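The values are calculated or read from the model by the stated rules, or taken from the named source; none is laboratory data. None of the values given here were measured: they were computed from a predicted structure. Cβ: placed from backbone, ideal geometry, glycine included. Neighbour counts: every protein chain shown. When the accessible area is computed, the model is the full protein with side chains, heavy atoms only, and any ligands, DNA or RNA have been set aside. Shrake-Rupley method; radii C 1.70, N 1.55, O 1.52, S 1.80 Å.
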Amino acid sequence: MSTATHGRQHKVDVTHLDANPLLMSSVGERWQTGNFTVRSAYQVLSDGGLRFPWLSQVWAPKSPLKGGGWCKNIRMCTFLKATHHGSSRHMEKWLPFTGILSNRAEENPDFYNWNRVKIRYCDGASFSGEGRDEAHGLFFRGQRIWLAAMEELFSSGMRYANQALLTGCSAGGLSTILHCDEFRALFPSNTKVKCFADAGLFLDVADVAGARALRSMFQAVVNLQGVAKNLPRACTSRMNPTLCFFPQNVINHITTPIFLLNSAYDLWQIMDGIAPSSADPHGHWRLCKQSHANCNAAQLAVLQGFRNQMLNALKLFYTSTKNGLFINSCFTHCQSEYQGTWFANGSPVLRNKQIAESVGDWFFDRSSFQAIDCPYPCDNSCYCRLIINIQMSCMGQSERNMDGAQARCESRLGLWLSDFSYCSGDIIDGGAP
């Protein structure tokens with residue numbers, strides 16, 4: 001971890017948990033320079049004193065592996081523990097602090113001078129697991145990792161914060177939702193605390209074969225990793241724990257102000273929730289998943305139905321004025337950590353505000369913000385990325401095997417994440433990495 005005050009950087013040695021499979025590892029001394037930090041169980045960029053606001057991001061690397069940021073069975077978990085998705089021993093050495101974590105006012109106008117923390121995610125259950133499978137060397141310690149990270153950040157100065165924001169995208173967005181009230185409870189009552197979940201609104205919907213692929217996966221995660229005991233009691237006291245891993249059954253019981261950023265046509269959920277390969281064995285959805293321009297009328301109707309289910313799930317949520325909402329109609333997944341979508345020329349806009357502006361206005365109570373985009377194809381502020389087709393290519397490799405070729409594909413994919421292209425048309429074929 002590092003701190004920087006008035007342009008000066010200081011090295012701070014902090015001892016972390018010793019590494020077990022699927023557990024964050026001890027890294028020892030580390031430092032940062034510019035807009036990047038070196039590897040650790042978490043990274044900190046500090047541009048002010050410890051009493052300055054703190055922004056903690058639960059960072060889940062977007063995985064081309066089927067199943068996204070979760071680990072649902074012994075085979076998958078055993079594979080993941082030897083990658084950066086399962087152990088910090090294998091995590092990237094350098095990570096960009098961009099979008100909501102940028103330290104440049106022109107890129108991140110409201111949060112650039114905060115103490116910003118990137119909490120590395122590797123437990124495969126959105127920081128909620130508690131269990132083990134010693135026969136396979138697997139220890140599911142997501143909840144313990146979460147508590148240990150919070151304890152250390154507090155001992156390192158976060159307890160002095162006058163404002164705090166917990167955020168995350170994808171599996172990290174789900175973790176933000178599940179831990180939001182728990183995060184609030186760590187601080188004194190006079191500390192301003194809010195949460196911001198990006199692309200974490202995973203829906204319990206039927207896939208194109210009539211099954212519920214995502215529910216089956218979540219059920220496997222909850223059962224394998226002993227997640228039930230760590231889910232919000234307000235939900236588990238009323239329904240099956242698996243259903244409480246779906247945000248739609250949790251968000252209305254969160255008492256802490258929370259902002260939801262999501263695409264109504266979430267790209268990950270289209271590929272793995274609506275039309276996974278298991279539900280589309282003959283590949284009728286293959287071209288549609290590559291680009292929405294290739295979707296036929298029946299497929300577009302399914303996607304519009306998904307949007308309608310998302311809006312229905314949010315009806316009670318946005319009756320509370322303390323909550324924020326930015327639901328756009330871009331075919332994407334995660335928008336706050338990439339500069340081109342967070343705050344830049346050509347970024348997505350709702351009600352004449354970019355995402356960074358809407359979140360900032362909401363957090364600082366300058367104005368409330370709850371906006372839902374019109375249905376596709378009306379929004380002309382969306383963009384496209386070369387990375388999408390590269391990700392699709394990796395996904396194809398991972399479905400065929402789980403060997404070094406897929407890992408190399410992931411590695412090359414990561415190089416593109418901080419430098420993507422976007423445009424007003426459809427996805428450009430970037431070719432296989």
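For residue 227, the residues 5 or more places off, or on other chains, whose built amide H falls under 5 Å of its own are 130. Rounded to 0.05, the FRET efficiency of the residue 308 and residue 211 pair, given R0 = 25 Å and the Cβ-Cβ distance, is 0.80.
Quick one: in the range 155-218, what % of C-alpha pairs are over 19 Å apart? Everything past 19 Å amounts to 47 percent. The phi torsions of the range 343-356, fed into the Karplus equation with coefficients 6.51, -1.76 and 1.60 and a -60° offset, translate into couplings of 6, 6, 4, x, 5, x, 9, 9, 6, 6, 10, 6, 4, 4 Hz, rounded to whole numbers, with Gly and Pro shown as x.
Compute, for residue 144, the solvent-accessible surface of its heavy atoms (probe 1.4 Å) with the complete set of protein chains present, and express it in square angstrom to the nearest 10. Answer for residue 144: close to 120 Å² accessible. Estimated at 0.36 nm per residue, the fully extended path between residue 255 and residue 371 surpasses their Cα-Cα distance by 39.7 nm. Give me the percent of Cα-Cα pairs in the range 72-160 that sit more than 22 Å apart, rounded to a whole number. The proportion of pairs with Cα distances above 22 Å equals 43 percent. Overall shape of the range 243-363 was characterised from the C-alpha gyration tensor. The equivalent ellipsoid obtained from it has semi-axes of 27, 19, 12 Å, in decreasing order.
Taking 21 Å as the limit for the C-alpha separation, the pairs 118/194; 322/353; 72/289; 192/322 exceed it in the case of 72/289.
Here the spin labels are modelled as points 7 Å beyond Cα on the Cα-Cβ line, and at residue 90 and residue 74 they lie 1.9 nm apart. Distances between placed amide hydrogens fall under 5 Å for residue 95 paired with 37, all partners being 5 or more residues away or on another chain. Computed over neighbours whose Cβ is under 14 Å from that of residue 208, the net charge equals 0, Lys and Arg +1, Asp and Glu -1. Couplings 3J(HN,Hα) of the range 221-226, computed from phi: 5, 4, 6, 5, 9, x Hz, in residue order, whole Hz [Karplus 6.51 cos²θ - 1.76 cosθ + 1.60, θ = phi - 60°; x for Gly and Pro].
What the Cα atoms of the range 207-308 give is an Rg and a Dmax of 15.9, 45 Å.
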